[in-house]
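The values are calculated or read from the model by the stated rules, or taken from the named source; none is laboratory data. These numbers were taken from a predicted model, which means no experiment stands behind them. In this analysis, Cβ positions are derived from the backbone assuming ideal geometry, glycine residues included, and neighbour counts consider all displayed protein chains.
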Amino acid sequence: MSRILAGKAIIAGSAEGLALVSGQPLSFWGGYCPKTGEIIDRRHERSGAIGAGRVFVFPTGRGSSTSSAILLESIRAGTAPAAVVNLKTDPILALGAIVADELYGRSVPMVILSENDFFSICEGDRVAIGPDGTVTVDGSQGRPPAARDS
Amino acid sequence: MAATLSDSDRRMLDGRDGRAARLAMSVVSRMAEVLGAAELMDVSQAHIDGCGLLSEAGLEFAETLAAEGAKVCIPTTLNMGPLDLKNWRSFGVPEDFADKAVRQAKAYEQMGCIPTWTCAPYQGYLTPRFGQQIAWGESNAVCYANSVLGARTNRYGDYIDICAAITGRVPRCGLHLAENRRGEILLRLVDIDPDLWRDESSYAALGHLIGPKVGDKIPVIEGLPPAAGGDQLKALGAAAASSGAVAMFHALGITPEANTAKQAFAGRRPRQIIDIRPADMSAARADLSTAGEGDKLDEVVLGCPHFSFDEFRRLAELLQAQAAETFHRQVTFTVITSRASLALVRQSNFFDVIEAFGVRITLDTCLFHTPLVCPETKVIMTNSGKCAYYAPGELNVQVAFGTMADCVRSAIRGRVCQEATA
């Protein structure tokens, strides 16, 4: 059964992919390699995972103001996540997506979800983002907030 | 909801001021919508971070704007770039990388930016005044401008910075507004040995510790010594803006919007009070090191953010106090600084000490953005929380964090030694 979550589109667009889920914020600069799409922040819980083509579900961005440049370059190189789902908007990441749209006419959809919906997405779920910010999740039944990963 | 635009904003967005202004205004106005800002506002100075990283997309962006005839309309300084523009050949930088880096630098200079090439613009040319509305990029510079200078800027990411400089406009929101600058979390330093604050690495460790605790909230730090100076607060802010999204902190009795707790919290109570004890400080130091005591050391890197005149002076004092006359042969000792600071240091009476010891000085750039660290390097050491935070992932090296004195001693012995902080 698929579940439909009502998200807020920060960068509107459609995308689909398998969820890559983390409970930790990530700085794309120093944390995401635009050559390979790998998470390279060795202090991050998903260090080593490949974000390219995945719907990357993580609370928010963090740290460096160069993260927008890394996202832009990964969109150019085709190593960016298919979409980003956050709890809270990171303006620096949104900026990278906007500049990509201005420069290349393509981007990475970004959606904000409520806490319950955000934590209901599990690693490997098939997730589709709609242009109005709806998030369709196939796979897990969702978990109550109390059972979420720390 | 889309922001309300002024007539001149609209003129730019409609392309009547040219294609570069249209692109810049489109980025600024779309960001206003993302941020929920009702309108745009003027800024009177900018600092560009987008000139730092060399990427195909970043180069294309800068050259596109420059080719369209874009010019900045407010005084605009440049953050460090991807190359030591004068001395890159002596650092073994590949030609094709250098060619592109020079092209990117030219594009920004062509747009009218001032070639300061430093990530510590607050210690150089055109320091903003208290209360000035500015658009700054580079997380450490943003943190310093807001916290220490009392200028007002949000964290401008790469590429909106130059758009703000071209249009003179930013979304009216966030730290530009007085009501969003009040402290939210009280951090009390409890039972911490006052001697600890004599070394800047303690400020870096404190910053590293603060980042994850406060995220993007504004902390008010109680208990730092009133003598805390620019270099110390620079280290603190740089580390906190790396491990967290700290764009502003208050330090009671030190920073200009925190003369009293009442002022720092704008008359409200802190949402949260966090006590920081000696064990937390030790844990933060340990967390910044991935290399261990006694490990073979390849390189020391100081100057993240860029080394100031006074930091050079302290380095010279430390070098003079050593029995040795040079570093261990396997260790490269690199200091990264700005043209402005080096110009002053060259005129000092201690510059010959630094040169004689074999310190390698590089300008205009950053070890994360230029191929400065050679591929054989396994272990580096630094007194910078920011450098220690990012080095393992960005450079694929082990890192040891220590005081400047530790760095000097370790470079002489060829092995990591952190005795000064034990």
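Quick rundown of the values:
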quantity	calculated
Within the range A:55-78, tally of residues that are farther than 20 Å from residue A:88 by Cα and in a loop (DSSP other than H, G, I, E, B)	1
Residue ID - nearest to residue B:105 (Cα to Cα), chosen from residues in the range B:372-414 that are more than 14 Å from chain A (Cβ to nearest Cβ), in contact with a helix residue (DSSP H, G or I) (Cβ under 7 Å, 6 or more places away or on another chain) and in a loop (DSSP other than H, G, I, E, B)	B:372
Filtered residues of the range B:176-202 (kept if over 30 Å from residue A:87 (Cα atoms) and touching a residue at least 40 places away in the same chain (Cβ under 8 Å))	B:189, B:190, B:191, B:192, B:193, B:196, B:199, B:200, B:201, B:202
Residues of the range A:41-60 that turn out to be surrounded by fewer than 20 Cβ atoms within 10 Å (Cβ to Cβ) and either modelled with pLDDT of 95 or more or closer than 19 Å to residue A:73 by Cβ (or both), as a count	7
Which listed residue, of B:205, B:227, B:245, is within 23 Å of residue B:366 (Cα to Cα) and modelled with pLDDT under 95	B:245
Matching residues, the range A:92-118, being part of a helix (DSSP H, G or I), in contact with a helix residue (DSSP H, G or I) (Cβ under 8 Å, 6 or more places away or on another chain) and surrounded by fewer than 24 Cβ atoms within 10 Å (Cβ to Cβ)	A:102, A:103, A:104, A:115, A:116
Condition broken by residue B:387, with the remaining ones in (1) under 21 Å from residue B:241 (Cα atoms); (2) surrounded by fewer than 17 Cβ atoms within 10 Å (Cβ to Cβ); (3) of a type outside the set (A, V, I, L, M) satisfied	(2)
Which numbered condition residue B:234 misses (of (1) in a helix (DSSP H, G or I); (2) under 15 Å from the mean Cα position of the chain (by Cα); (3) within 14 Å of chain A (Cβ to nearest Cβ))	(3)
Looking only at the range B:174-202, and only at residues there that are assigned to a helix (DSSP H, G or I) and within 18 Å of residue B:223 (Cβ to Cβ), the one that is modelled with the highest pLDDT	B:202
Leading residue by the ranking (surrounded by the most Cβ atoms within 10 Å (Cβ to Cβ)) among those in the range B:237-258 that are away from chain A (no Cβ under 14 Å) and farther than 19 Å from residue B:180 by Cβ	B:252
Options B:66, B:105, B:21; residue that is crowded, with 24+ Cβ neighbours inside 10 Å, touching a residue at least 24 places away in the same chain (Cβ under 8 Å) and part of a helix (DSSP H, G or I)	B:21
Looking only at the range A:1-14, and only at residues there that are aliphatic (A, V, I, L, M) and surrounded by fewer than 20 Cβ atoms within 10 Å (Cβ to Cβ), the one that is farthest from residue A:130 (Cα to Cα)	A:1
In the range A:40-71, the residues that are in contact with a Phe, Trp or Tyr (Cβ under 6 Å, 6 or more places away or on another chain) and either acidic (Asp, Glu) or under 17 Å from residue A:87 (Cβ atoms) (or both)	A:67
Single unsatisfied condition, residue B:124 versus (1) more than 14 Å from every other protein chain (Cβ to nearest Cβ); (2) touching a strand residue (DSSP E or B) at 6+ places or on another chain (Cβ under 7 Å)	(2)
Every residue from the range B:375-393 that is farther than 29 Å from residue B:197 by Cβ and touching a Gly at 6+ places or on another chain (Cβ under 7 Å)	B:393
Options B:317, B:311, B:355; residue that is under 30 Å from residue B:188 (Cβ atoms) and assigned to a helix (DSSP H, G or I)	B:311
Some residue of the range A:80-89 being modelled with pLDDT under 95, within 11 Å of another protein chain (Cβ to nearest Cβ) and assigned to a helix (DSSP H, G or I)	no
Tally, over the range B:45-70, of residues that are more than 21 Å from the chain's Cα centre (by Cα) and polar (S, T, N, Q)	1
Residues located in the range A:61-78, provided they are closer than 15 Å to residue B:58 by Cβ and either surrounded by fewer than 22 Cβ atoms within 10 Å (Cβ to Cβ) or under 10 Å from the mean Cα position of the chain (by Cα) (or both)	A:76, A:77
